[in-house]
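I am attaching a structure below and will ask some questions about it afterwards.
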């Protein structure tokens, strides 16, 4: 363990009088039995070898802060909490059932007042979380501008120039945007779906801000695939961002504000499942129950909301999934989104969705369960460690010899595709539902007409 900063008497007294988010986490912190089984599951520990970059080490630091043996302003606390991906792989490895994700968000909540003025990146993040993400009109405008830059090849040209100058860190944010572009454009849009009988169940589709902003094609594919399999799909118009970026940054009040809006937006039919197609969003929506657990006015509504949340794959496999036509793509591999796997507990379901595509050659990916290093905006805030983790992921992908990779989260999609562009790998990244949707189109289940202008 690294040396723990010792509090002076004045700072200790001041700290004892201060309320911390970690103060409410005593039982969760004490649940850790220090067995160390989490270490090898943790990508940051395996890449740095530093105990403080492991879940066990970070819990030790959190306990020290809670017990006022370490100042929340201590450099060691901020550094190692910041370097956590929040992938939650440790939760699966933990025999004691430590709820590490909740502990991490509490630790980041205690860091938030300190982080706001640390550097330009933190100030920009704070501005975006406070003034752009909670405002749908501003967020829509930002994504419209980003799509314009992407589709006009501006981001691609700038990233190529920066790569030639060997400025990889500066190029990577532009590569992320470039990586969100469609791999192909349909000549004609789909105007109707041949459903299997009458719709027998209604579902409500959660769009997600990044998915709708940069991957709207995935939301359209999701709606079509659900409709084709006998679901009536409705999209609540008042929905907003899930709040994951706020929660992961420690801004609990901001996350709660967005959560309340979503709970209201999806209250029109409280019997209908809430369908997501982004692992990060789905895990956050599931956590609303925890977010409001101590709020008498919202606890029950949040609990009922979270019980309704399902990934598209979890919903589809509840029925006999309609099979499509072969895609003739060559080998395809699948990388699990951390929050889809560890947060929503969807392990086999995405693979079963891909198995509905006849003759698909699905190649296992070594380390599919390990984080790609994207982790929301971790790749922008901790670029060096993120890139190290990404290179390992890309090496495993390269060994599969697959030219197509499926993954169920837009952040993972952009991270892996951007890394592939940077390394010159021939790799196309899709959401599993996109591949199934294309299989259905080739099977003749869709009526088409005119030119497609969707993003």
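Within region 383-395, identify whether any single residue is under 22 Å from residue 218 (Cα atoms) and either buried (at least 17 other Cβ atoms within 10 Å of the Cβ) or assigned by TED's automatic domain parsing to the domain that holds residue 279 (or both), and answer yes or no. Quick ask: steps written out before the conclusion?
Filtering region 383-395 for residues under 22 Å from residue 218 (Cα atoms) gives none.
Looking for residues that are under 22 Å from residue 218 (Cα atoms) and either buried (at least 17 other Cβ atoms within 10 Å of the Cβ) or assigned by TED's automatic domain parsing to the domain that holds residue 279 (or both), one finds none in region 383-395, hence no.
Return the only residue of 398, 376 being touching a residue at least 12 places away in the same chain (Cβ under 8 Å) and within 17 Å of residue 177 (Cβ to Cβ).
On the way: 398 fails: within 17 Å of residue 177 (Cβ to Cβ).
Exactly one residue qualifies, and that residue is 376.
Any chance region 321-328 includes a residue that's at positive phi, more than 19 Å from the chain's Cα centre (by Cα) and not in a helix (DSSP H, G or I)?
Initially, region 321-328 is screened for residues at positive phi, giving 328.
Subsequent filtering for residues that are more than 19 Å from the chain's Cα centre (by Cα) retains 328.
Remaining after also requiring not in a helix (DSSP H, G or I): 328.
Yes: one or more hits.
Do the conditions hold for residue 40, that is, is it surrounded by fewer than 18 Cβ atoms within 10 Å (Cβ to Cβ) and in the same structural domain as residue 109 (by TED's automatic domain parsing)? If you could, list the steps in order and put the result at the bottom.
On the way: surrounded by fewer than 18 Cβ atoms within 10 Å (Cβ to Cβ): yes; in the same structural domain as residue 109 (by TED's automatic domain parsing): yes.
Taking the combined requirement at face value, the residue satisfies it.
Can you find even one residue in region 255-263 that is within 26 Å of residue 224 (Cβ to Cβ) and either surrounded by fewer than 18 Cβ atoms within 10 Å (Cβ to Cβ) or not assigned by TED's automatic domain parsing to the domain that holds residue 25 (or both)? Full working, then the answer.
First, the residues of region 255-263 that are within 26 Å of residue 224 (Cβ to Cβ): 262.
Those still in the list that are either surrounded by fewer than 18 Cβ atoms within 10 Å (Cβ to Cβ) or not assigned by TED's automatic domain parsing to the domain that holds residue 25 (or both) too: 262.
Looking for residues that are within 26 Å of residue 224 (Cβ to Cβ) and either surrounded by fewer than 18 Cβ atoms within 10 Å (Cβ to Cβ) or not assigned by TED's automatic domain parsing to the domain that holds residue 25 (or both), one finds at least one in region 255-263, hence yes.
Hey, another quick one. Within region 332-418, considering only helices (runs of 4 or more DSSP H) that don't extend past its boundaries, which have at least 3 residues that are farther than 21 Å from residue 90 by Cα?
On the way: elements: 349-354, 378-381, 383-400.
Where helices (runs of 4 or more DSSP H) fall fully within region 332-418 and carry at least 3 residues being farther than 21 Å from residue 90 by Cα, they are 349-354, 383-400.
Follow-up question, since we're still on this one. Please tell me if residue 377 is modelled with pLDDT under 95 and either buried (at least 17 other Cβ atoms within 10 Å of the Cβ) or farther than 24 Å from residue 82 by Cα (or both).
Considered against the rule, which asks whether it is modelled with pLDDT under 95 and either buried (at least 17 other Cβ atoms within 10 Å of the Cβ) or farther than 24 Å from residue 82 by Cα (or both), residue 377 comes out as yes.
Let me ask you something else. Determine, yes or no, whether residue 254 is within 27 Å of residue 321 (Cα to Cα), in a helix (DSSP H, G or I) and either touching a helix residue (DSSP H, G or I) at 6+ places or on another chain (Cβ under 7 Å) or without any contact (Cβ under 8 Å) to a residue 24 or more places away in the chain (or both).
Values: within 27 Å of residue 321 (Cα to Cα): no; in a helix (DSSP H, G or I): yes; either touching a helix residue (DSSP H, G or I) at 6+ places or on another chain (Cβ under 7 Å) or without any contact (Cβ under 8 Å) to a residue 24 or more places away in the chain (or both): yes.
Against the criterion (within 27 Å of residue 321 (Cα to Cα), in a helix (DSSP H, G or I) and either touching a helix residue (DSSP H, G or I) at 6+ places or on another chain (Cβ under 7 Å) or without any contact (Cβ under 8 Å) to a residue 24 or more places away in the chain (or both)), residue 254 does not qualify.
So, one more: Can you name the residue in region 8-32 that is at pLDDT below 95 and not in a helix (DSSP H, G or I) and is also nearest to the chain's Cα centre (by Cα) among such residues?
Across region 8-32, the extreme among qualifying residues is 20.
The values are calculated or read from the model by the stated rules, or taken from the named source; none is laboratory data. None of the values given here were measured: they were computed from a predicted structure. Note: ideal-geometry Cβ built from the backbone for every residue, glycine included; neighbour counts use all protein chains shown.
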